[in-house]
Amino acid sequence: MTDIRGKRIDCLDKGFVRLIDYMGDDNAIVQAARVSYGEGTKQVSQDRGLIRYLMRHSHTTPFEMVELKFHIKLPIFVARQWIRHRTANVNEYSGRYSIMKEEFYLPDIDQVRPQSTLNKQGRSDERLESEQAERVLGMFRESQKRSYQEYEEMLGYDLAREIARNNLPLSLYTEWYWKIDLHNLFHFLRLRLDSHAQYEIRVYAEAMAEMVKEVVPFAWEAYEDYTLYAQKFSRAELLAIHKMLALAGAQELDDANLKELGLSAREIREFRDKMSTIDDVHEEVKMPGSGVSE
């Protein structure tokens, strides 16, 4: 594996994600799971299989043995969303100690969109009229320029930096160092790579995902298969699946078909166990007091 420490990916108009350092890789995960020392104790295929088993069954502790430290430059409004993930160590650029730089986020015109009618906290898939969008961008530029000029003027009065920054907008860029273990980073990415996440933070999540893939390729593959692109079903949804299969007269796939879909022998056994639970749910809902009716 190539050491990618120092790799940088630019984000938005002035931001970036840079991988400062990391501790551990796929080997660290399997060593922790086996509580052993030394490398090469198992074949690569067995290491991959173990990581996939751990991810599939939510045995998360071994993934906490890997840590990644990033240097990130991002708009303050993105940082306020980001900081909700409280499982990381953070040290941010200080506007009390240092003078804030004149760097503001200005969205691309195709991101200047009306409020979504379906998502109360998001933007629509439609764009504003071109003339309106240009007017909005002009207002952004004007207010950003004015607020920074006033900030500089107040600093010229020798006003304390912690007070002078008071009127700077959320579009101002900040920077921080952000260190997190792999298990919690996977949780962050599951939420922030989602199509419903705000576009701006999703751009950063996509950049970080590219780096994680290179540090822990086996773990990332398992994460994609069992978490990122997987789904969880409620009891009522399992009942719906049971009905759909019954109506379709679905026939059971044999082992050869399942292998062609990429399932290992162990996964085939687990898949058949899961399918049997659908029948169990169907039987359970017939019981008095189950709380679910057909």
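Observations
- Highest average packing first - 13-23, 130-140, Cβ atoms within 10 Å: 13-23, 130-140
- The C-alpha atoms of the chain define a longest principal axis, and helix 182-192 lies at about 70 degrees to it.
- Alpha-carbon Debye profile of the stretch 109-167, log10 I(q)/I(0) at 0.15, 0.19, 0.26 Å⁻¹: -0.62, -0.73, -0.95
- Comparing Thr87, Tyr151, Leu253 along the charge dipole axis of the chain, the residue lying farthest to the positive side is Tyr151, per the Cβ-charge model.
- Annotation for the stretch 8-81: GluC sites (Glu not before Pro) lying in DSSP loop with at most 16 further Cβ atoms inside 10 Å of their Cβ are Glu39.
- Electrostatic bookkeeping for Gln111 treats Lys and Arg as +1 and Asp and Glu as -1; over the other residues with beta carbon under 11 Å from its beta carbon, the sum is -1.
- If you take all other residues with their beta carbon under 14 Å from the beta carbon of Met23, and give Lys and Arg +1 and Asp and Glu -1, the sum is -4.
- Cα Rg, Dmax, the stretch 160-290, angstrom units: 22.5, 74
- The chain: proportion of alpha-carbon pairs further apart than 30 angstrom, %: 52
- Environment charge of Ile163, counting only residues whose C-beta is closer than 15 Å and scoring Lys/Arg +1, Asp/Glu -1: -2
- Only Lys, Arg, Asp and Glu carry charge here, each on its Cβ (+1 for the first two, -1 for the last two); on that basis the chain has a dipole of about 600 debye about its Cα centre.
- In the structure shown, the pairs Lys7/Lys101; Lys243/Lys274; Lys120/Lys274; Lys7/Lys145; Lys213/Lys274 are assessed against 26 Å; a Cα-Cα span above that value is assigned to Lys120/Lys274; Lys7/Lys145; Lys213/Lys274.
- Cα convex hull volume per residue for the stretch 1-121 (Å³): 204
- Relative to the longest principal axis of the Cα atoms of the chain, helix 199-215 runs at roughly 60 degrees.
- Measuring max minus min along each principal axis, the C-alpha atoms of the stretch 235-284 give extents of 29, 20, 14 Å (largest first).
- A Stokes-Einstein calculation at 37 °C with viscosity 0.692 mPa s, built on the Kirkwood radius of the stretch 55-139 over Cα pairs, returns a diffusion coefficient of 192 µm²/s.
- In the stretch 138-206, the inverse of the mean reciprocal separation of distinct Cα atoms equals 15.0 Å; this is its Kirkwood hydrodynamic radius.
Just so you know, all these numbers are worked out from the coordinates, no wet-lab data involved. Worth saying up front: this structure is predicted, and the values here are computed from it rather than measured. Using ideal geometry, Cβ is built from the backbone for each residue, glycine included, and neighbour counts are taken over all protein chains shown.
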